[in-house]
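Notes to accompany the following structure.
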């Protein structure tokens, strides 16, 4: 099976712009979670989607949003970019079953805000 | 919500020694505790996980212990090797929401 893929791998934007990141989960996985990774802050949970519905949400401002399509692919959008949004954005997918299951991470999108 | 604290933030050991990383969590409803290893420039990968109905789990040189009463869990790596050098993250949660610690940079020195 192909692993989780993310596009683009690198992005450079300026303050005030918006950005859309894409995540394709492992085939058959219907849950997609997004994380922000910054030095010293570790992996911070943004949100999780399942069957096109947001099931869980972290403590990020409304500038961060997401969606999931019927093929389980997910996108994350950040509007009105700030310098502090510079980070590695990781998505992870998991299958659905009884109890919590392993999350498989993608390679991430490195976002730099200038 | 869940809060996970991880210590130490950096850990340096000599090759062959053991390494221990500790995490505490706040939500007693959490029932899943994974550990991920992230090598430089790579994606996090699961190395071991434990569920709340188990107190200890071992896989070759790595082991995880869980104390639900005290709300803490630990990762133990024995006979460390240079390839164990990486950042390790602990996680706590249930369902499909995981809260991670801030990571431990492990350096195994020759």
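Take the conditions more than 10 Å from chain A (Cβ to nearest Cβ) and under 10 Å from the mean Cα position of the chain (by Cα) and apply them to residue B:54. Does it pass? Steps first, please.
Numbers: more than 10 Å from chain A (Cβ to nearest Cβ): yes; under 10 Å from the mean Cα position of the chain (by Cα): no.
Judged against the criteria, residue B:54 is not a match.
It is to be established whether one or more residues within the stretch A:12-35 are more than 16 Å from residue B:97 (Cα to Cα) and assigned to a helix (DSSP H, G or I).
Initially, the stretch A:12-35 is screened for residues more than 16 Å from residue B:97 (Cα to Cα), giving A:12-28.
Okay, now just the ones that are also assigned to a helix (DSSP H, G or I), so none.
No.
Which ones in the stretch A:70-114 are more than 16 Å from the chain's Cα centre (by Cα) and either within 14 Å of chain B (Cβ to nearest Cβ) or part of a strand (DSSP E or B) (or both)?
Scanning the stretch A:70-114 gives A:95, A:96, A:97, A:98, A:99, A:100, A:101, A:102, A:113.
For the stretch B:93-110, what are the residues that are under 13 Å from the mean Cα position of the chain (by Cα), buried (at least 21 other Cβ atoms within 10 Å of the Cβ) and not in a strand (DSSP E or B)?
The initial filter retains those residues of the stretch B:93-110 that are under 13 Å from the mean Cα position of the chain (by Cα), namely B:99-106.
So of that shortlist, the ones also buried (at least 21 other Cβ atoms within 10 Å of the Cβ) come out as B:99-101, B:103-104, B:106.
B:101, B:103 - these are the residues of the stretch B:93-110 that are under 13 Å from the mean Cα position of the chain (by Cα), buried (at least 21 other Cβ atoms within 10 Å of the Cβ) and not in a strand (DSSP E or B).
Condition first: within 11 Å of chain A (Cβ to nearest Cβ) and more than 18 Å from residue B:3 (Cα to Cα). Can you find one or more residues in the stretch B:61-69 that meet it?
Among the residues of the stretch B:61-69, not one is within 11 Å of chain A (Cβ to nearest Cβ) and more than 18 Å from residue B:3 (Cα to Cα), which makes the answer no.
Residue under question is residue B:40, and the condition is that it be farther than 24 Å from residue A:47 by Cα, surrounded by fewer than 18 Cβ atoms within 10 Å (Cβ to Cβ) and in contact with a helix residue (DSSP H, G or I) (Cβ under 8 Å, 6 or more places away or on another chain); does it hold? Break it down into steps so the answer makes sense when it comes.
Values: farther than 24 Å from residue A:47 by Cα: yes; surrounded by fewer than 18 Cβ atoms within 10 Å (Cβ to Cβ): yes; in contact with a helix residue (DSSP H, G or I) (Cβ under 8 Å, 6 or more places away or on another chain): no.
When the stated conditions are applied, residue B:40 does not pass them.
Has the stretch A:37-49 got at least one residue that is away from every other protein chain (no Cβ under 14 Å) and either farther than 27 Å from residue B:88 by Cα or part of a loop (DSSP other than H, G, I, E, B) (or both)? Let's see the steps before the verdict.
Residues of the stretch A:37-49 that are away from every other protein chain (no Cβ under 14 Å), as a first pass: none.
No, the stretch A:37-49 contains no residue that is away from every other protein chain (no Cβ under 14 Å) and either farther than 27 Å from residue B:88 by Cα or part of a loop (DSSP other than H, G, I, E, B) (or both).
If you take the residues in the stretch A:58-69 that are more than 12 Å from every other protein chain (Cβ to nearest Cβ) and over 12 Å from the mean Cα position of the chain (by Cα), which one is surrounded by the fewest Cβ atoms within 10 Å (Cβ to Cβ)? Working first, answer last.
Restricting attention to the stretch A:58-69, the residues satisfying the condition of being more than 12 Å from every other protein chain (Cβ to nearest Cβ) are A:60-69.
In the following step, the residues that additionally are over 12 Å from the mean Cα position of the chain (by Cα) were identified as A:60-63, A:69.
Values: A:60: 16, A:61: 11, A:62: 6, A:63: 13, A:69: 12.
The extreme case among them is A:62.
Suppose we keep only residues that are more than 11 Å from the chain's Cα centre (by Cα), over 15 Å from residue B:85 (Cα atoms) and assigned to a strand (DSSP E or B) within the stretch B:15-51. Which one would you say is modelled with the lowest pLDDT? Can you show your working first?
Narrowing the stretch B:15-51 to residues more than 11 Å from the chain's Cα centre (by Cα): B:15-18, B:25-32, B:38-45, B:51.
From what's left, over 15 Å from residue B:85 (Cα atoms): B:25-32, B:51.
Cutting the leftovers down to assigned to a strand (DSSP E or B) gives us B:25, B:32, B:51.
Details: B:25: 97, B:32: 92, B:51: 89.
Step by step, filter the stretch B:15-51, then rank; the result is B:51.
Do we find that residue A:95 is surrounded by fewer than 17 Cβ atoms within 10 Å (Cβ to Cβ), out of contact with any strand residue (DSSP E or B) (no Cβ under 7 Å at 6 or more places or on another chain) and under 26 Å from residue B:51 (Cβ atoms) in this structure? Write out each step before concluding.
Numbers: surrounded by fewer than 17 Cβ atoms within 10 Å (Cβ to Cβ): yes; out of contact with any strand residue (DSSP E or B) (no Cβ under 7 Å at 6 or more places or on another chain): yes; under 26 Å from residue B:51 (Cβ atoms): yes.
The answer is yes for residue A:95.
Identify, by number, the condition in (1) more than 12 Å from every other protein chain (Cβ to nearest Cβ); (2) farther than 28 Å from residue A:107 by Cβ; (3) in contact (Cβ under 8 Å) with a residue 12 or more places away in the chain that residue B:31 doesn't meet.
(1)
The values are calculated or read from the model by the stated rules, or taken from the named source; none is laboratory data. Just so you know, these numbers come straight off a predicted model, no measurement behind them. Every residue, glycine among them, receives a Cβ derived from its backbone with ideal geometry; neighbour counts consider all protein chains shown.
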